[in-house]
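The structure appears right after this line, and notes come after that.
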Amino acid sequence: MTTRFTTVFAVFVLAITTAIRADDPIEIGSRRELFVDDYLVGSLDGAKRVLHHPTPQEIVLTHDAPWEGSGSGYHSVFRDGDLYRMYYKAWHLDVSGGKLNSGAHPLYCCYAESDDGIHWRKPELGLHEFRGSKANNIAMASGKIGGVNADPGHPAVFKDDNPDCPADAQYKAIIRSRGPRGLLAFKSPDGIHWSPMSDAPVITDGAFDSQNLAFWDPVRREYRAYWRIFTAGVTTEKVWRPTGHRAIRTATSKDFLNWGPHADLTYEDSPSEHLYTNQTKAYYRAPHIFIGFPTRYIERGWSDSMRALPELEHRELRAKAGLRYGTALTEGLLMSSRDGVHFQRWNEAFLRPGIEREGTWHYGHQYIAWHVVETHSAIDGAPNELSLYACESYWTGNSSAVRRYTLRLDGFVSVSAPFAGGHLVTKPLTFTGKKLTLNFSTSAAGSIRVELQKPDGQPIPGFSLADCQEVFGDELERTVTWKSGSDLAELVSQPVRLRFVLRDADLYSLQFTE
């Protein structure tokens, strides 16, 4: 009886404690907060969170060199000071005689760079010989690299922002091993010359047949890796029979070599789907939020609509080598997380295949590069925007290509309301800073007003809706003002709710600043 009472009492205390913690205000400090998830959302009335889609721009790179080809992809993109860097798989795929052929040349990791993220070049690195010449941009070639047997054809390269990072390891990557199965840790002092950090794979439990990645998390001060698994896969040294769904696994490390307990990603209100890549990283403008662009892979089989898609003859040719090669489709999704394990994933596509044309609507299309970078807008006088890159023409010809897409800063998701109006009330929160700034857009007739409330919903004198000056326009950082001005210093560290009244408007992010 005593044991049962103790157990019941413990459960009761846990329930009460959990409830109290659930009501505790969220400490956002001066962080920029996005609406990619419902973390801050207390209630919505007449307004809703809306997924936005990148705008297609120009083809920025064509993989038409003899050492590249139609199977090139798995791009990593990041800004490094005044330079933009890109790393990618160079490969060629074709189908003949009912077979998939991929032996035109070995897998390579190639390098490109840009001064603006828009115009890219392939520098001659002079490192690896291809058909008698080193006049190419091959950074790593399959085979023995520094004594380990590596397959750099699925590269995920990043600049290590760890302040304790040694000079010879300023750039890092995890690369597939060619035996034993697993992921190898690599380092470079300049992003061009690479060497292994260990003699054996540092991560071994996975499928790895995709772009696997790792990066430095500046908020939690640790490395985090994400890699491909199959939910019911069977892997041995000689036989690999993947079953179940393509999925994602993660782990953390303090030194990039020893990785802690592994965890499989879970999702909020999303079906079990094949996710080919993950493309996850801390979002640079709000690094406490992980944002990923996984590739959704779906096999749709033959139908009238499938036969109506572009390049039917080539689609039928690929299907002879394997039905999925001709009838599988891919597109980009959006997901976000606060802890790196549990994600909110939008079930609707973030980057659809788009208008039908050659090189689209096929297996390998719209694999989004890892990750977003900030670039200048093509509109004179407009603020910077985000650039994303995605693959086209994958194995349908002699080369694949990279198209750039753009999105406003923080513009993944907004809280949006129609002309009739809508409301957003946040959960209780505390902040630091003296003013509230918004990333928003309204129509000429639209507006946003903000009321600061006590946790019980009562307006705070001087900061009521009636006191707020209407906010309208289209800006990345606008300060909200009330009749008394914009100074919120008296409310710092006090629990408050924010009530937004929107009319024909979108709210992308908010931040309390000095």
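The values are calculated or read from the model by the stated rules, or taken from the named source; none is laboratory data. Quick caveat: nothing in here was measured; it's all calculated off a predicted structure. Don't worry about glycine lacking a Cβ; one is built from the backbone with ideal geometry, like all the others, and counts go over all protein chains shown.
Descriptive notes on the structure:
For (1) among the acidic types (Asp, Glu); (2) free of Cβ contacts under 8 Å to residues at least 60 places away in the same chain; (3) outside any strand (DSSP E or B); (4) out of contact with any strand residue (DSSP E or B) (no Cβ under 7 Å at 6 or more places or on another chain), each residue gets a yes or a no:
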| position | (1), (2), (3), (4) |
| --- | --- |
| THR430 | no, no, no, no |
| THR437 | no, no, no, no |
| SER443 | no, no, no, no |
| ASP456 | yes, yes, yes, yes |
| LEU498 | no, no, no, no |
| ASP504 | yes, no, no, no |
| SER509 | no, no, no, no |
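- Residue in segment 462-484 that is exposed (fewer than 14 other Cβ atoms within 10 Å of the Cβ), in the same structural domain as SER30 (by TED's automatic domain parsing), in contact (Cβ under 8 Å) with a residue 40 or more places away in the chain and not in a strand (DSSP E or B) present: no
- Positions within segment 386-397 being at negative phi and either buried (at least 20 other Cβ atoms within 10 Å of the Cβ) or not assigned by TED's automatic domain parsing to the domain that holds LEU351 (or both), in sequence order: LEU386, SER387, LEU388, TYR389, ALA390, CYS391, GLU392, TYR394, THR396
- Selected residue [of a type in the set (Asp, Glu) and touching a His at 6+ places or on another chain (Cβ under 8 Å)] from ASP164, ASP205: ASP205
Residues checked against (1) aromatic (Phe, Trp, Tyr); (2) surrounded by fewer than 23 Cβ atoms within 10 Å (Cβ to Cβ); (3) within 24 Å of PRO196 (Cα to Cα):
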{"site": "PRO56", "(1), (2), (3)": "no, yes, no"}
{"site": "VAL60", "(1), (2), (3)": "no, yes, no"}
{"site": "HIS63", "(1), (2), (3)": "no, no, no"}
{"site": "ARG121", "(1), (2), (3)": "no, yes, no"}
{"site": "LEU125", "(1), (2), (3)": "no, yes, yes"}
{"site": "ARG131", "(1), (2), (3)": "no, yes, no"}
{"site": "ASN136", "(1), (2), (3)": "no, no, yes"}
{"site": "MET140", "(1), (2), (3)": "no, no, yes"}
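- Apart from one condition, TYR405 fits all of (1) of a type in the set (Phe, Trp, Tyr); (2) part of a loop (DSSP other than H, G, I, E, B); (3) over 24 Å from LEU465 (Cβ atoms); the exception is (2).
- Segment 265-282, subset in a strand (DSSP E or B) and in contact (Cβ under 8 Å) with a residue 60 or more places away in the chain, residue surrounded by the fewest Cβ atoms within 10 Å (Cβ to Cβ): THR266
- Checked against the criterion of being at pLDDT below 95, touching a helix residue (DSSP H, G or I) at 6+ places or on another chain (Cβ under 9 Å) and not charged (D, E, K, R), the candidates THR396, THR327 yield just one match: THR396.
- A single entry from SER509, SER484 fulfils the requirement of being among the small types (Gly, Ala, Ser) and within 17 Å of PHE431 (Cα to Cα): SER509.
- Segment 445-496, residues that are of a type in the set (Gly, Ala, Ser), more than 33 Å from the chain's Cα centre (by Cα) and within 18 Å of ALA417 (Cβ to Cβ): ALA445
- Residue match in segment 48-59 (condition: modelled with pLDDT of 95 or more and hydroxyl-bearing (Ser, Thr, Tyr)): yes
- Test for LEU125: is it of a type in the set (A, V, I, L, M, F, W, C), assigned to a loop (DSSP other than H, G, I, E, B) and closer than 28 Å to VAL372 by Cβ: yes
- From the options SER414, SER400, residue that is farther than 30 Å from HIS314 by Cα, buried (at least 24 other Cβ atoms within 10 Å of the Cβ) and hydroxyl-bearing (Ser, Thr, Tyr): SER414
- Every test in (1) within 30 Å of GLU385 (Cα to Cα); (2) assigned to a strand (DSSP E or B) is passed by LYS144 save one, and that test is (1).
- Answer residue from segment 337-393, given it is part of a loop (DSSP other than H, G, I, E, B), among the hydrophobic types (A, V, I, L, M, F, W, C) and within 12 Å of the chain's Cα centre (by Cα) and is farthest from TRP216 (Cα to Cα) among those: PHE350
- For segment 167-185, filtered to residues that are at pLDDT 95 or above and more than 27 Å from the chain's Cα centre (by Cα), the residue that is farthest from HIS92 (Cα to Cα) is ALA167.
- For segment 73-93, the criterion of being surrounded by fewer than 18 Cβ atoms within 10 Å (Cβ to Cβ) and among the small types (Gly, Ala, Ser) is met by at least one residue.
- Any chance ALA349 is under 25 Å from ALA214 (Cα atoms), buried (at least 23 other Cβ atoms within 10 Å of the Cβ) and among the aliphatic types (A, V, I, L, M): no
- Restricting segment 147-163 to residues that are more than 17 Å from ALA369 (Cβ to Cβ) and of a type in the set (A, V, I, L, M), the residue that is surrounded by the fewest Cβ atoms within 10 Å (Cβ to Cβ) is VAL148.
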